[in-house]
Amino acid sequence: MNIGGIELKNNVILAPMAGVADLPFRIVCHRLGAGLSYTEMVSAKALEFNNQKTFRLMETEALPTAVQLFGHEPETVARAVPLAEKMGLFVDINMGCPAPKITGNGEGCALMRDPVLAGEIIAAAVEAATKPVTVKMRAGWDMEHINAPLLAETAQKNGAAAVTVHGRTRSQFYSGSSDPKVIKAVRERVTVPLIANGDVDGAEAALSLMEETGADGVMIGRGSQGRPWIFGEVAAAVRGEASPRLSRREKMEIAIGHIELIVRFKGERVGILEARKHAAWYIRGVQGAAALREEINRAVTLEKMREILKKAIDED
């Protein structure tokens, strides 16, 4: 897959999930087959004010990573772009986040309600950039305002090198189903690479989504939580190969390695607190998962977390 002259190893991409797609998770997903990842959302205004916590969100460890910016002021986004693109392969502008604290400021998916302003932001970002600029959006604000095809066309006209479309509206948040017909309609309006997002929980769903929409790539979000090996499975399927099958032991070894990375980057106290949700995702479907989750939520040390995840092997 090629985005603005940047060649990726494959077209299977990790979504920019706030509170999930941090550097340790991105490292694991890349090891297991992701061709590209996105950082968690980064505030353009916070970059302008040199917020160090925000800069840490952009750490990439030289992985093929796009930095995702959010903001509602073209001039602020333009000033943030040179800072962001130093850290990643390219910059992505978020026009899809449904969170009230983001949309309430006129950012994220709220920009879909103002395509003119959205176009101005994209144009300003492209003008300030030396690398590609891409845009991520939803189907629309609500079912009465499905305008992803229009906004995608606006993005392309203003210089966006690729667009990603999540087939849900903002009003749906993460309920209901993603609508591939909207993504297909975007395909009919733009020639830049199109990445399809929404309800990808395995290789079959990924192949079906790309075939139905004509998308060039697929982005995986919640389907990767506790299952980062999904990227290797989908990438193999796209190549026409059999997807690799991991044993429960191999999966738990990945989980332990992931949590060790979290502790390495964030320290044991903070790291274990943040690792609890990941550990709970990794044990879904394991016999005795409810009891193991209770232990996970009480764990305060890396050694205890290792012990609990090793139990998951025996419980299966």
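Summary of computed values
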{"quantity": "Loop-exposed trypsin sites (Lys or Arg not before Pro) per DSSP, neighbour cap 12 Cβ within 10 angstrom, longest uninterrupted part of the chain", "calculated": "87-238"}
{"quantity": "Computed Kirkwood radius, in angstrom, where 1/r is averaged over Cα pairs of the stretch 178-240", "calculated": "11.8"}
{"quantity": "Rg followed by Dmax, in Å, when the stretch 37-162 is reduced to its Cα trace", "calculated": "13.4, 42"}
{"quantity": "Top of M87, M305, M143 by mean-square fluctuation, Gaussian network on the chain, Cα under 10 Å", "calculated": "M143"}
{"quantity": "Dipole-positive endmost among N147, G202, G106 within the chain (Cβ charges, Cα centre)", "calculated": "G202"}
{"quantity": "Label-point separation in nm, R249 to T130, each point 7 Å along Cα→Cβ", "calculated": "5.0"}
{"quantity": "Separation of the E61 and R269 label points, Cα + 7 Å toward Cβ, nm", "calculated": "2.4"}
{"quantity": "Amide H within-cut-off set for I220, under 5 Å, with H built and near neighbours excluded", "calculated": "I13, L14, A15"}
{"quantity": "Full-stretch length increase - K181, V116 - with 0.36 nm per residue and alpha-carbon distance subtracted", "calculated": "21.0 nm"}
{"quantity": "Positive dipole terminus of the stretch 1-76, leading residue within A34, Q68, N50 (C-beta point charges)", "calculated": "A34"}
{"quantity": "Cα-centred dipole magnitude for the stretch 248-315, charges only on beta-carbon of K, R (+1) and D, E (-1), debye, nearest 20", "calculated": "160"}
{"quantity": "Dipole magnitude (debye, nearest 20) for the chain, charges at Cβ of Lys, Arg, Asp, Glu", "calculated": "600"}
{"quantity": "For the chain, calculated [θ]222 nm from helices alone, where every DSSP H run of n ≥ 4 adds -39500 (n - 2.57)", "calculated": "-14000 deg cm²/dmol"}
{"quantity": "Along each principal axis, Cα extent of the stretch 121-165, largest first, Å", "calculated": "37, 14, 12"}
{"quantity": "Three-way shape label, the chain, alpha-carbon gyration tensor, a/c 1.5", "calculated": "prolate"}
{"quantity": "For the stretch 130-233, size of Cβ-based charge dipole, Lys and Arg +1, Asp and Glu -1, in debye", "calculated": "420"}
{"quantity": "Where Cα atoms sit under 16 Å apart: lysine pairs in the stretch 2-238 separated by 8 or more or lying on different chains", "calculated": "5"}
{"quantity": "Rg/Rg_ref, the stretch 248-315, where Rg_ref = 2.2 N^0.38 Å and atoms are Cα", "calculated": "0.97"}
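Read-outs: derived from the displayed coordinates by stated rules, not from any lab. Note that this is a predicted model, so its numbers are computed, not measured. Because the Cβ atoms are built from the backbone with ideal geometry, glycine has one as well, and the counts that use them run over all protein chains shown.
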